[in-house]
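Enquirer: Got a structure here, written out as structure tokens. Questions coming.
The values are calculated or read from the model by the stated rules, or taken from the named source; none is laboratory data. Everything numeric here is computed off the predicted structure, so don't read it as measured data. Here the Cβ positions follow ideal geometry from the backbone for every residue, glycine too, while neighbour counts run over all protein chains shown.
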Amino acid sequence: MLGNFSYHNATKLYFGPDSLDYLNEELPKYGKTVQLIYGGGSIKKNGIYDAVVAILKKNGKTIVEDGGVMPNPTIDKVRDGVRIAREGKVDLLLSVGGGSCCDYAKAVAVSVNCPEDPWEKYYVRYEEPDCNILPIGCVLTMAGTGSEMNGGAVITNPAQKLKRGHVFGQEAMPKFSVLNPKFTMSLPKRQMIAGIYDIFSHICEQYFSGEDDNTSDYLAEGLMRSVIHSALIAVENPEDYEARSNIMWSATWALNTLISRGKTTDWMVHQLGHAVSAWTDATHGMTLAAVSLPYYRLIMPYGLQKFVRFATEVWKVETQGKTDLQIAEEGLAEMERWMKKIGVALHISELGATPEMIEGIADSTNLLRGAYHPLTRDEVVKILKESL
Ligand code: NZQ
Ligand code: ZN
């Protein structure tokens, strides 16, 4: 039901093959020193680093280098980034990479002027920032997380085997994000597929809540159909600009708070996936794929009507002569067929998880209320065993 809510999104987007040019419009709004945040070096191979540095120099910026942000960024790396920002007295954090770099930039942004330890403050006590937050800009090179237009910052604490997300408010969201689908073309195919499943999962985890007549659900169904369609094209031909641009745009709208309006949301697949990542350091989207089907099959009876709607509206399952349960099961079977076609991981053992890890992964799983059925720890173990 659409009750009371506000909707505002602080991020300005620049989309398209020429969108990097808009950095020239954005950079003059900020001070002289820019912390250039990037990952393991892909942007140096594909030319994006050189293009960004040229624009920074043209705009008279001093560059403070901050490379080496790893996929599933760690809290130690965040602490290091905070040190770099303080020493360099930086004015703007510019993330050039995927969701990991953008999430990391947010975690640094809320910590530079804060005397407390970021893990304790934001990922244990879940407090809100009470200090000045550095502005962030983003040049996105991978479609998936939606980090380019949201406040999420997911950080891993390897010593504690915990991967946790904090959704910060508007002040910590990127002030601007540059989305050039061509920049995603150099992604290894497996990363592209992981990103696609991440998008699909974001939509599902907001869609599977409530059974009312909610505009957000119609938006979600449209986005899902676009992702399903474009994914099949992109997997066959990763160079297909139309498919890649649709995927990139869908990723942003899948997780920029729009389709969660009026929804309770679920998010248990992400909690399970994060726990798998905390134990294996596996690629985010693949962890979600590997736990999704056992999870949805377990909760389906508790939200049956929504799974029927999912089957008919998203997967176009024929209903004649079938029970609701059969229709809902066919919907999930269609989803499984699509997952196999695009080539996601369907087992956590493919991602490095072993039977000996199951209890530990269950301990690392944050148990949310869920939308249709709150999981017990025993059910978490059951899902993980079925996912092996
Ligand atoms: O490190 P580099 O060299 O940049 O290589 C990356 C990395 O190895 C590579 N890559 C990215 N763009 C490329 C490229 N390689 C070649 N060409 C390009 N154009 O891809 C690998 C994965 O990058 P990463 O940024 O880790 O991927 P993703 O965008 O999926 O981000 C994953 C992180 O975001 C978090 C995840 O948990 C994970 O930590 N999430 C953030 C969310 C949010 N902010 O709302 C929500 C998501 O659910 C998710 O939890
Ligand atoms: Zn995700």
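Enquirer: Answer yes or no as to whether Thr257 is within 14 Å of ligand 1 (Cβ to nearest atom), under 27 Å from Gly165 (Cα atoms) and out of contact with any helix residue (DSSP H, G or I) (no Cβ under 7 Å at 6 or more places or on another chain).
Expert: yes
Enquirer: Of the residues that sit in region 52-66 and are without any contact (Cβ under 8 Å) to a residue 24 or more places away in the chain and not small (Gly, Ala, Ser), which one is surrounded by the fewest Cβ atoms within 10 Å (Cβ to Cβ)?
Expert: Lys57
Enquirer: Whether any residue in region 216-230 is under 15 Å from the mean Cα position of the chain (by Cα), within 11 Å of ligand 1 (Cβ to nearest atom) and closer than 27 Å to Ile342 by Cα is what I want to check.
Expert: Checked region 216-230: no residue is under 15 Å from the mean Cα position of the chain (by Cα), within 11 Å of ligand 1 (Cβ to nearest atom) and closer than 27 Å to Ile342 by Cα.
Enquirer: Name the residues in region 27-62 that are closer than 29 Å to Asp240 by Cβ and either in contact with a Pro (Cβ under 6 Å, 6 or more places away or on another chain) or assigned to a helix (DSSP H, G or I) (or both), would you?
Expert: Ser42, Ile43, Lys44, Lys45, Ile48, Tyr49, Asp50, Ala51, Val52, Ala54, Ile55, listed by residue number.
Enquirer: Give Ala194, Ala143 a once-over and let me know the one that is in a helix (DSSP H, G or I) and of a type in the set (A, V, I, L, M, F, W, C).
Expert: Ala194
Enquirer: Still on this model: Tell me, which helices (runs of 4 or more DSSP H) lie completely within region 250-339 with 3 or more residues that are among the hydrophobic types (A, V, I, L, M, F, W, C) and either surrounded by fewer than 19 Cβ atoms within 10 Å (Cβ to Cβ) or touching a Gly at 6+ places or on another chain (Cβ under 8 Å) (or both)?
Expert: Output list reads 284-299, 304-309.
Enquirer: Right, Leu223: in contact with a helix residue (DSSP H, G or I) (Cβ under 7 Å, 6 or more places away or on another chain), at pLDDT 95 or above, within 16 Å of ligand 2 (Cβ to nearest atom) and more than 22 Å from Ser100 (Cβ to Cβ) or not? Don't jump to the end; show me each part of the working.
Expert: Working: in contact with a helix residue (DSSP H, G or I) (Cβ under 7 Å, 6 or more places away or on another chain): yes; at pLDDT 95 or above: yes; within 16 Å of ligand 2 (Cβ to nearest atom): yes; more than 22 Å from Ser100 (Cβ to Cβ): yes.
Spelling it out, Leu223 is indeed in contact with a helix residue (DSSP H, G or I) (Cβ under 7 Å, 6 or more places away or on another chain), at pLDDT 95 or above, within 16 Å of ligand 2 (Cβ to nearest atom) and more than 22 Å from Ser100 (Cβ to Cβ).
Enquirer: All but one of (1) without any contact (Cβ under 8 Å) to a residue 12 or more places away in the chain; (2) more than 27 Å from Leu367 (Cβ to Cβ) hold for Glu127; which doesn't?
Expert: (2)
Enquirer: Are any residues in region 155-178 near ligand 1 (Cβ under 10 Å from one of its atoms), in contact with a Pro (Cβ under 8 Å, 6 or more places away or on another chain) and either closer than 21 Å to Leu223 by Cβ or of a type in the set (A, V, I, L, M, F, W, C) (or both), and if so, which ones?
Expert: Ile155, Phe168
Enquirer: Oh, and also: Out of the residues in region 195-215 that are within 15 Å of the chain's Cα centre (by Cα) and of a type in the set (S, T, N, Q), which is farthest from ligand 2 (Cβ to nearest atom)?
Expert: Once the filter is applied, the top-ranked residue is Gln206.
Enquirer: Turning to a different aspect of this structure: Is there any pair linking a residue in region 342-367 that is more than 30 Å from Asn237 (Cβ to Cβ) to one that is aromatic (Phe, Trp, Tyr), with Cβ under 6 Å and at least six apart or on different chains, and which?
Expert: Listed pairs, sorted by first residue: Met357/Trp279; Ile361/Trp279.
Enquirer: Related question: Any residue in region 157-177 that is part of a loop (DSSP other than H, G, I, E, B), of a type in the set (S, T, N, Q) and surrounded by fewer than 24 Cβ atoms within 10 Å (Cβ to Cβ)?
Expert: No, region 157-177 has no match at all.
Enquirer: Filter region 182-194 for residues that are over 17 Å from the mean Cα position of the chain (by Cα) and either modelled with pLDDT under 95 or surrounded by 22 or more Cβ atoms within 10 Å (Cβ to Cβ) (or both) and give the result.
Expert: In the first step, residues of region 182-194 are kept if they are over 17 Å from the mean Cα position of the chain (by Cα); the result is 182-183, 185-186, 188-189.
Correct list: Phe183 only.
Enquirer: Mind listing whichever residues of region 124-157 are in contact with a Leu (Cβ under 6 Å, 6 or more places away or on another chain) and under 20 Å from Tyr7 (Cα atoms)?
Expert: Gly146, Glu148, Asn150
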